[in-house]
Amino acid sequence: QVQVVESGGGLVQAGGSLRLSCAASGSIFRASGFSTSSVGWYRQAPGEQRDLVAQITRGEATTYADSVQGRFTISRDNAINTVYLQMNSLKPEDTGVYYCNVILPLGVKYWGKGTLVTVSS
């Protein structure tokens, strides 16, 4: 059974930090190797669409949305099938549900159920 599970969300004051984790499990990741995947973190604010916040490729190249550049850092630990999103200097507009999307070669995608981040002003 394939699972992608996000964790680490919570309530934080503006200026604070959180670290989100995205853990993948299941036979498909053992077969294909989590290290071959690209992983993206997405944010969905209330009433808004789901937008890409950060992405890391199999070669560990990273990209960020302009709104989080310099404040967020995405990283991965292939030994434990986990990708992290370190979020610093959080702002109220960072509030939303954060989703992890794991993309294997050939374009197979898996989504987690999300973790809620609330930043108070």
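The values are calculated or read from the model by the stated rules, or taken from the named source; none is laboratory data. Quick caveat: nothing in here was measured; it's all calculated off a predicted structure. For neighbour counting, all protein chains shown are included, and Cβ atoms are generated from backbone atoms with ideal geometry for every residue, glycine included. Each accessible area value is taken on the protein alone, full model and side chains, heavy atoms only, with ligands, DNA and RNA left out. Shrake-Rupley method; radii C 1.70, N 1.55, O 1.52, S 1.80 Å.
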inquiry  = Can you tell me which condition residue 52 does not meet? The list is (1) of a type outside the set (Lys, Arg); (2) in contact (Cβ under 8 Å) with a residue 24 or more places away in the chain; (3) in contact with a strand residue (DSSP E or B) (Cβ under 9 Å, 6 or more places away or on another chain); (4) surrounded by fewer than 19 Cβ atoms within 10 Å (Cβ to Cβ), and all the others hold.
reply    = (2)
inquiry  = Take residue 119 and tell me if it is in contact with an Asp or Glu (Cβ under 8 Å, 6 or more places away or on another chain), farther than 16 Å from residue 7 by Cβ, open to solvent by less than 30 Å² (accessible area, probe 1.4 Å) and not in a strand (DSSP E or B).
reply    = no
message = Suppose the filter is under 17 Å from the mean Cα position of the chain (by Cα), on the phi < 0 side of the Ramachandran plot, of a type in the set (Ser, Thr, Tyr) and loosely packed, with under 13 Cβ neighbours inside 10 Å; does residue 17 pass it?
response = yes
Counted residues, the stretch 85-110 - those being within 10 Å of the chain's Cα centre (by Cα) and either surrounded by fewer than 19 Cβ atoms within 10 Å (Cβ to Cβ) or in a loop (DSSP other than H, G, I, E, B) (or both) = 1
key: In the stretch 58-81, the residues that are of a type in the set (Lys, Arg) and surrounded by fewer than 15 Cβ atoms within 10 Å (Cβ to Cβ)   = none
